[in-house]
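*Asks:* I'd like to ask you about the structure that follows.
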Amino acid sequence: MAPVTSVPPLSESQRQQARAAATQVRRHRAAAKARLRTGDLHLSAFLDLAENDDVLAHIKVVDLLRSLPRVGDKRAADTMERLDIAPSRRIRGLGRHQLAALREEFR
């Protein structure tokens, strides 16, 4: 077994770049979820975008559902349970049947 090595310390400029990248990712996710919330983007279109966008593909399904109009914590949890989607599942981890079921549920 290989020895465990620690992560090398980052320089201040590397930390600053990492913070800027993380901020940009959060803003991209927030903008996409805001478009869902306002109805500018439908769930099916969002799922299509997530196929080619790593940032969107890493959103948790429960967070995605809560971003939809008229979907709160309870409805999101109930939907995920009924469709057999684990609470920690991310969009990228959904199977084709789960994706199809989500599209049908919120069409």
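*Asks:* Where does helix 12-38 land angle-wise versus the long Cα axis of the chain, in degrees 0 to 90, nearest 10?
*Replies:* In the chain, helix 12-38 runs at an angle near 10 degrees to the longest axis.
*Asks:* With a cap of 12 neighbouring Cβ atoms within 10 Å, and only residues DSSP puts in a loop, list the trypsin sites (Lys or Arg not before Pro) found in the range 1-85. Provide the component values of the computation, followed by the final result.
*Replies:* Values: sites: R15, R19, R26, R27, R29, K33, R35, R37, K60, R66, R70, K74, R75, R82; in loops: R70.
When the trypsin sites (Lys or Arg not before Pro) of the range 1-85 are filtered for loop state and at most 12 Cβ neighbours within 10 Å, R70 remain.
*Asks:* Report the extension gain between H58 and S44 in nm, rounded to one decimal, defined as 0.36 nm multiplied by the number of residues separating them, less their alpha carbon distance.
*Replies:* 3.4 nm
*Asks:* Moving to a separate point now. Could you compute the FRET efficiency for D78 and E51, with r as their C-beta to C-beta distance and R0 at 35 Å, rounded to 0.05?
*Replies:* After rounding to 0.05, the efficiency reads 0.85.
*Asks:* Which entry is the computed volume of the Cα convex hull per residue in Å³ for this structure: (1) 151; (2) 126; (3) 116?
*Replies:* The listed entry that was calculated here is (1).
*Asks:* Given a Förster distance of 41 Å, report the FRET efficiency between L10 and E105 from their Cβ-Cβ distance, rounded to the nearest 0.05.
*Replies:* On the way: r = 43 Å, r/R0 = 1.05.
After rounding, the FRET efficiency stands at 0.45.
*Asks:* Okay, moving on. Would you mind telling me the share, in percent, of accessible area of the range 38-107 contributed by carbon and sulfur at probe 1.4 angstrom?
*Replies:* That fraction is 47 percent.
*Asks:* If you build a Gaussian network model of the chain, linking Cα atoms that sit under 10 Å apart, which residue out of L41, L68, L56 swings the most?
*Replies:* L41
The values are calculated or read from the model by the stated rules, or taken from the named source; none is laboratory data. Owing to the predicted nature of the structure, the values given are computational and were not obtained by experimental measurement. Neighbour counts are summed over all protein chains in view; Cβ atoms, including those assigned to glycine, are modelled from backbone coordinates with ideal geometry. Ligands, DNA and RNA are excluded from the accessible area calculation, which covers all protein heavy atoms including side chains. Shrake-Rupley method; radii C 1.70, N 1.55, O 1.52, S 1.80 Å.
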